[in-house]
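Here is the structure we will look at.
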Amino acid sequence: MTRHHNPARGSSLLEVLVTIVIMTIGLLGLAKLQVSNLQNQQNALYRAEATFLANDILDSMRVLNHVNHDQAAAYAVDAGSQSAAQGPSNVAIADVSAWKSRIAQALPDGDGHVEFDPDSRMARIWIEWNDRRSSAPDCEAGCDCSSTRPACFTTEGGV
């Protein structure tokens, strides 16, 4: 009497199913990592652009102040305003208007404002934008981060 040993049937199918589940979990984790990386990369790009724009207006203030002393106060502008409304300098008004346009073009729903303290000769610059993420807002201290502009960059420099 000959006995035929039949291997257990279905064991290789079970191994394939387990492998598929493990691979699916790994690929989903990889996809989530990629999406997170893209969001962080976009945020870094916006922050770099905000830094460049803040330094741009600060440099403009320094140049005009060097050419025509005590004109830096003409750069003070409120959030939501399109141009500097105070000061006798047409150059400052044109610089602020162009700066606000560049912010609107470079950052989504971007806006900025400048405050100047004549006693300390320090300018403080805020740039806000909408980074459209559902996570907690990435807002620095001193920024007025509303629901429409949850991301903000602020800096200050001597003029």
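The values are calculated or read from the model by the stated rules, or taken from the named source; none is laboratory data. Source: prediction; values computed, not measured. Backbone-built Cβ (ideal geometry, glycine too); neighbour counts: all protein chains shown.
Tabulated data
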read-out: Hits in region 46-83 (condition: at pLDDT below 90 and of a type in the set (A, V, I, L, M, F, W, C)); value: 61, 63, 64, 67, 72, 73, 74, 76, 77, 79
read-out: Residues that are in a strand (DSSP E or B), under 14 Å from residue 61 (Cβ atoms) and among the hydrophobic types (A, V, I, L, M, F, W, C), drawn from region 88-129; value: 114, 116, 122, 123, 125
